[in-house]
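Where a number appears in this text, it was derived from the coordinates with a stated rule and is not lab data. Just so it is clear, the structure is predicted and the values come from calculations on it, not from any experiment. We place every Cβ from the backbone using ideal geometry, glycine too, and count neighbours over all the protein chains shown.
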Amino acid sequence: MEKAAEETAAKGTDGVVKGEAALKPQFITTKDKFHEFLDAEWQSLERGKTREAAEESNETPMQEPETKKLKLDPEENNTGGKLDGKRLRGQNKSRPHKKPATYDEKRLCLSVIQDARECPFGDKCHFYHDVTAYLATKPADIGERCHIYDTFGKCAYGLTCRFAKAHTTADFKTMENTDLVKANEGRTAVKNSLSKDLQNRLRKHSVAFRKSAEYLKTISTNKDKKEQQGNGAAPPASATESTDAETQAGSDNAAAVKTVGALTDTDIVKLRACEKKQVDFRDKLYLAPLTTCGNLPFRRVCKRFGADITCGEMAMCTNLLQGQQSEWALLKRHESEDLFGVQVEGCFPDTMTRCAELINNNTDVDFVDVNSGCPIDLVYKKGGGCGLMTRTRKFEQIIKGMHHVLDVPLTVKIRTGVQEKSNIAHKLIPEMKNWGVSMITLHGRSREQRYTKLADWDYITTCSKLASPIPLFGNGDILSYEDAMRAKETGVSGIMIARGALVKPWIFTEIKESRHWDISSSERLDVLRDFTNFGLEHWGSDTRGVEKTRTFLLEWLSFMCRYIPVGLLERVPQKINERPPYYMGRNYLETLMASQNVGDWIRISEMLLGPVPQNFNFLPKHKANSYK
């Protein structure tokens with residue numbers, strides 16, 4: 001009786017469990033029946049069940065690859081859905097992770113791939129030079145067509161490509177489509193790569209940061225003045241005059257500069273604020289800089305669906321200054337990204353200012369964003385991310401320094417504050433207007449809240465009025481065009497979309513067309529196929545590239561599985577804080593895409609990227625604690 005009373009109390013007046021999305025009753029099922037259906041259907045497909053037989057039994061399964069790795073269902077154990085007594089959830093730290101390189105230990109030498117006459121390393125080379133021996137160890141090809149070859153006319157991965165049959169002759173030579181190669185000649189699809197020369201100069205600390213030195217000198221001068229005043233001693237007149245003169249010279253940039261060749265305006269004239277590159281941010285849809293999932297292939301998918309502004313993943317300024325290749329990869333820009341920025345994180349004025357100057361001189365970006373809203377401990381505890389909001393003096397020095405060295409607009413992303421019931425954004429925003437910020441993005445939650453409560457759009461409305469005339473973008477809980485319309489009514493200049501784009505990247509199309517899109521499961525699979533093609537293009541079509549693409553695909557599927565098709569909802573639209581109950585889709589693929597089990601995500605990846613390697617395992621990064 002007590003249990004029945006609790007269940008009744010948990011349900012609302014419409015019979016829906018609190019916190020769950022309202023689905024049409026005929027689609028709702030139980031967890032056991034849900035996984036039983038998926039496993040039985042998968043096994044029947046593996047046994048070679050024909051499409052005709054499936055249609056006779058009113059089933060419409062997708063055609064799957066023949067060889068599959070069966071999922072070991074933890075529910076089969078007597079541990080109540082747990083393995084080793086632990087709940088199967090994501091985790092950010094100490095994840096069991098195998099690098100994609102481990103799946104391709106013995107590789108073919110680059111000299112063989114590029115048809116070079118001889119290997120520069122000679123007998124010391126540890127890679128294969130015998131093509132026949134390499135092909136004997138190489139995993140089977142995934143498909144008959146190579147996306148890179150079909151797009152560019154030549155695949156740089158040659159025999160190592162997992163689609164090598166599409167562009168390899170009988171004598172193991174790589175073919176070329178001369179017409180496509182000529183059409184793509186001179187085209188730079190991806191910009192902002194780290195050159196070897198710049199990397200070496202960064203590692204040898206031989207890169208000059210002239211503008212940064214000018215600004216940092218003014219900080220140290222002002223600090224010395226305050227210390228002298230605090231001690232009660234006035235600085236000598238001559239010292240005061242000289243420092244004022246240096247400051248004036250630095251601000252006007254009128255000092256004599258040694259040049260080679262003709263003297264230009266940029267040698268002697270400082271770029272004034274009004275002459276900096278201007279970007280119109282208003283009424284745009286902004287894809288948030290998403291760590292891990294906001295990679296270049298995912299941004300390309302969102303651009304196709306109508307995202308106006310894209311931004312690279314958060315990059316650590318110290319790693320960029322050290323020339324780390326993996327960190328510089330976060331700054332890469334695809335040619336389809338017409339309004340693109342990069343986001344940097346740091347907690348000291350000197351490193352952030354130098355990093356901004358480095359980006360300004362060596363990359364092609366439309367704006368630079370400062371991350372002062374990151375809540376993770378790794379960043380916050382050293383004073384970065386959200387920590388900057390409570391270190392106002394350092395924050396000001398960072399913003400002013402970056403503004404001094406940049407030729408493009410500087411934007412800032414913040415949260416409401418650090419503690420849940422202590423908002424401080426409204427105090428910072430009026431000050432930022434005087435620091436040189438061109439646009440502010442406000443996430444309507446504090447660091448303490450993370451994603452456990454709804455975003456505070458009333459507070460965002462208040463802050464947008466304080467920010468005027470500087471544009472302020474609102475961010476939080478937008479999963480439909482109705483959510484976007486309500487957000488625009490608050491007076492914000494634009495909308496930033498984060499998790500909503502991960503759950504359904506077509507949200508940008510929905511907002512621009514003011515409609516709910518009941519997208520089919522086959523269309524969603526095509527979206528994932530586009531992502532994998534872009535991933536192979538970006539990370540490579542060899543074994544390493546395929547497995548890296550698979551890893552990022554699985555990270556994305558950990559969010560995308562939360563999407564509930566519009567045709568199944570009792571009440572439209574789906575809310576971002578409503579968890580989907582177990583339900584049967586309108587066909588097998590739609591049901592498979594609704595699974596929150598890692599094994600089922602792996603099955604989807606196998607449809608697009610072939611069977612997983614032996615000993616493959618994956619644990620999602622995110623715990624999905626938004627459902628608390």
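Taking Lys and Arg as +1 and Asp and Glu as -1, the other residues whose beta-carbon sits under 12 Å from that of ASP350 total +2. Spatially, the stretch 282-339 and the stretch 431-478 are offset by 21 Å when compared through their Cα centroids. Residue pairs exceeding 30 angstrom between C-alpha atoms, taken from LYS277/LYS394; LYS33/LYS504; LYS303/LYS381: LYS303/LYS381.
Work the Kirkwood hydrodynamic radius out for the stretch 373-473: mean of 1/r over every pair of different alpha-carbon atoms, inverted, in Å. When all Cα pairs of the stretch 373-473 are included, the Kirkwood radius is 13.7 Å.
Classification of the stretch 303-359 by its C-alpha gyration tensor yields a prolate form. The axis ratio a/c (a ≥ b ≥ c) is 1.5 or more, and a/b outweighs b/c.
Coupling constants for the stretch 452-457 follow from the phi torsions by the Karplus curve (6.51 cos²θ - 1.76 cosθ + 1.60, θ = phi - 60°), and in residue order they are 7, 9, 5, 5, 8, 6 Hz; glycine and proline get x.
Going by average Cβ neighbours within 10 Å, how do the peptides 502-515, 126-139, 347-360 rank, with the highest at the top? Intermediate results must be reported in sequence, preceding the final value.
Values: 502-515: 19.8, 126-139: 13.7, 347-360: 22.8.
Highest mean packing first, the order is 347-360, 502-515, 126-139.
For the stretch 298-313, 3J(HN,Hα) computed residue by residue from phi via the Karplus equation (6.51, -1.76, 1.60; θ = phi - 60°) reads 5, 5, 5, 4, 5, 4, 5, 8, x, 5, 8, 10, 10, 9, x, 5 Hz, glycine and proline entered as x. Count Lys and Arg as plus one, Asp and Glu as minus one, and take only other residues whose Cβ is under 9 Å from that of MET560; the net charge is then +3. Near the amide H of ASP369, within less than 5 Å, lie the amide hydrogens of VAL342, GLN343, VAL344, THR411, all on another chain or at least 5 residues away, with H placed in the peptide plane. With K and R counted +1 and D and E -1, the other residues having a Cβ less than 10 Å from that of GLY385 yield a net charge of +3.
Less than 5 angstrom separates the built amide H of LEU339 from those of THR310, all sequence-distant by 5 or more or on a different chain. Once backbone amide H atoms are built at 1.01 Å from N, TYR583 has THR29 as its partners under 5 Å, excluding neighbours fewer than 5 places away on the same chain.
Packing, taken as the mean count of other beta carbons within 10 Å per residue, orders the peptides 181-191, 336-346 from highest to lowest as 336-346, 181-191. In terms of packing, defined here as the mean over residues of other Cβ atoms within 10 angstrom, the peptides 439-447, 313-321 line up highest first as 439-447, 313-321. Backbone geometry of the stretch 391-403 corresponds, through the Karplus equation with coefficients 6.51, -1.76 and 1.60 at θ = phi - 60°, to 3J(HN,Hα) couplings of 10, 4, 5, 5, 4, 4, 5, 5, 5, 5, x, 5, 5 Hz, x marking Gly and Pro. Label-to-label distance for LYS277 and HIS205 is 3.1 nm, based on points extended 7 Å past Cα in the beta-carbon direction.
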